[in-house]
Structures are given as C-alpha cells and as structure tokens.
Amino acid sequence: MLQDRLRMEGYRTAILNNRACFEGKAVLDVGAGSGILAIWAAKAGARVVYAVEATSMAKHARRLAAANGVGDVVVVLEGYMEQVTLPEQVDVIVSEWMGYFLLRESMLDPVIAARDKWLKPGGALFPSSASIYLAPLCSSLYAPKLREFEREVSGWSHFKDFMGRENGVDISVLDAEWQQEQRDYLLHSCLWQLIDPAEVVGEAARLLHFETATVTQADVATVTRPFELTISSDSEVSGFGSWFDTAFEGSPSSPASSPASSLDPSAASSAAPPAAPSATPSAGASSGTSSGWRD
C-alpha cells in the first residue's frame, strides 16, 4: 500500500480531512501493517487507536508510531483479529483490506468479524462502501499475447515432430491439453496494470456494490453478476478492464464532512482478461454475459 499513491491519497484525505469522525474516539485498525492508518487516525485526534497486526510487522508499527509522536495513542496488538481481545468497543474501524479485483486475497473477512464484535452501534467504517466496475477495452496488450501463444503452438509442433522422429514416441495425444494450458495462461489470464482511458471503448458496468456496515461473508464468498456493455466507438474489443473504487463517507450518525474516494477509475489498476478472438463491433452495439468469481 505504501507505494500505491492513489490509495495513500484516498486514505490520508479521508482520515485527516474528517477530524470530527476521529477526535476523542476509539479507533481500530484491522491488519495494520506498518501502522500508517493508525498514525493518521492518531494525528486526526483519536483518543486511542488499537492497531492489530498478525505478523512481526507489528514491532515496526510500534517503532513508527513512537517515531511520529503518537506512540502514547497507538496501541499495537500482535495477533489475528479474530483472536485479539480489545479492552473496549470502538467508534471507528479503519482498514486497507482490498485485494486484487477488490476481493481476491482480500482482508475483508477479518474486518467483518471485527465489525460484528467490536464496533459500537452506529459506528463508522473507513471505507464505508466498495464497488467493482467492468468495461470493454481496445488494448495493445492482446496482440503480443496472441503472438506469444502462436509461437508456443509452433514450438510444440516442432517438439512433437522431434519426439516422434528421434525418440519414436508419439505425444500428439497431449495436443489438446497442452494447447488449452497455454491458452488459459496466455490468453485467458488477467493482467494487472494501469488502464489508459483511451483504451476504454464503452460504458462501464458496475458489477458489485456493497456497504461495509452491512456486507456479510456470504455476500462476497461467491459472486455472479449478469452485465451488459454498450460499445461507444467502432473499435476492436480485445478484452475487459476492471477496477474497483471505495468510498469514505462515515456513518449516518457520524458522517464524513469531506467524503473521499480511494481510486480514480480513469487510472485504475486493472484485471484485464483478453477476449479471444478479438471482435470489432459497431458503435452502439451491446454485449451481455455474466461474470462470476469466488473469493
């Protein structure tokens, strides 16, 4: 997270620009890591911040809190959130729990467990909501992957001939499985990087939205959503780009006076599964299907 400028700006703005949500409050940081969110919460006026971190990074979080003048406010607890006992319930939970594609390898489950056990009624979660979006792309990434796939297929063909000619072993029975393995790896796998706005050739569909105050583990354990995308230009569609956004709006009883977002979709990290083969629809054409994934 520390090197992710967009996330850092989103959290810093949400915490430090909403001092009223933190002043005099008890705050819990779930999965504190280096303790950066706990430090900001303390600087925003929190009475106490319980920073829970399962790894040995906890000792560094203690040192960083002390070095930044908030060692008397930030209480670092090393252990799993589900096993830690706090001395009191808290007014605010902060956590940088998001994973790839928002939910993959995320830390949302411990946040939900902490919310249900330790958050006071009406307490606030930062972030307060999250959404996942999907849009059609015309990306330069697809062509190199396709060429690599074609090279691998050609290489397999030469190897198969070699095995038969030199070793007297026919391996053609493996053709289908080998090609499918290469196709899955090179053409059907996600690529993680920034999306250039010029690559987006249609309106984005929101695949998922939830409020962190009410979402359950069952809600996100397996997600399947139908979606329809409208192509806005005559362009090749070579894949789909996906990004997520989180909002920091506080709670109804403690709303953020300066709501913030953690991500600018125009420069979002993407999960871009290439479409194979590419298609070239006309402007205004719609494409409908369903998307599913398991956390």
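List the number of the failed condition for W192; all other conditions in (1) out of contact with any Lys or Arg (no Cβ under 9 Å at 6 or more places or on another chain); (2) open to solvent by less than 90 Å² (accessible area, probe 1.4 Å) hold.
(2)
Which residue out of T212, T222, T216 is in contact with a Gly (Cβ under 8 Å, 6 or more places away or on another chain) and under 30 Å from L119 (Cα atoms)? Outline the logic, then answer.
Values: T212 fails: in contact with a Gly (Cβ under 8 Å, 6 or more places away or on another chain); T216 fails: in contact with a Gly (Cβ under 8 Å, 6 or more places away or on another chain).
After ruling out the rest, the residue left standing is T222.
Scan the strands (runs of 3 or more DSSP E) fully inside segment 108-195 and keep the ones with 3 or more residues being within 21 Å of V220 (Cα to Cα) and in contact with a strand residue (DSSP E or B) (Cβ under 8 Å, 6 or more places away or on another chain).
Where strands (runs of 3 or more DSSP E) fall fully within segment 108-195 and carry at least 3 residues being within 21 Å of V220 (Cα to Cα) and in contact with a strand residue (DSSP E or B) (Cβ under 8 Å, 6 or more places away or on another chain), they are 119-126, 129-137.
Considering only segment 94-115, state which residues are buried (at least 22 other Cβ atoms within 10 Å of the Cβ) and of a type in the set (G, A, S).
Correct list: S95, A114.
If you scan segment 116-134, which residues turn out to be surrounded by fewer than 23 Cβ atoms within 10 Å (Cβ to Cβ), among the small types (G, A, S) and within 21 Å of the chain's Cα centre (by Cα)?
Correct list: S128, S129, S131.
Does A46 satisfy the criteria of being farther than 19 Å from L102 by Cα and crowded, with 24+ Cβ neighbours inside 10 Å?
Considered against the rule, which asks whether it is farther than 19 Å from L102 by Cα and crowded, with 24+ Cβ neighbours inside 10 Å, A46 comes out as yes.
What is the one condition in (1) modelled with pLDDT of 90 or more; (2) not in a strand (DSSP E or B) that D234 does not satisfy?
That leaves (1) as the condition not met.
Quick one: how many residues across segment 205-229 are assigned to a strand (DSSP E or B) and open to solvent by 50 Å² or more (accessible area, probe 1.4 Å)? First the steps, then the outcome.
Applying the first criterion (assigned to a strand (DSSP E or B)) to segment 205-229 yields 205-211, 222-229.
After this cut, where a residue has to be open to solvent by 50 Å² or more (accessible area, probe 1.4 Å) as well, the list is 206, 209, 211, 222, 224-226, 228.
So the answer is 8.
Yes/no per residue for (1) in contact with a helix residue (DSSP H, G or I) (Cβ under 8 Å, 6 or more places away or on another chain); (2) of a type in the set (S, T, N, Q); (3) farther than 16 Å from Y50 by Cα:
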residue: A114; (1), (2), (3): yes, no, no
residue: A124; (1), (2), (3): yes, no, no
residue: C138; (1), (2), (3): yes, no, yes
residue: F162; (1), (2), (3): no, no, yes
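Which residue out of D184, D170, D161, D175 is free of Cβ contacts under 8 Å to residues at least 60 places away in the same chain, open to solvent by less than 60 Å² (accessible area, probe 1.4 Å) and acidic (D, E)?
The conditions single out D175.
The values are calculated or read from the model by the stated rules, or taken from the named source; none is laboratory data. The shown structure was predicted, so the numbers you read here are calculated from the model rather than taken from an experiment. Heads up, the Cβs are rebuilt from the backbone with ideal geometry, glycines too, and the neighbour counts pull from every protein chain shown. Ligands, DNA and RNA are excluded from the accessible area calculation, which covers all protein heavy atoms including side chains. Shrake-Rupley method; radii C 1.70, N 1.55, O 1.52, S 1.80 Å.
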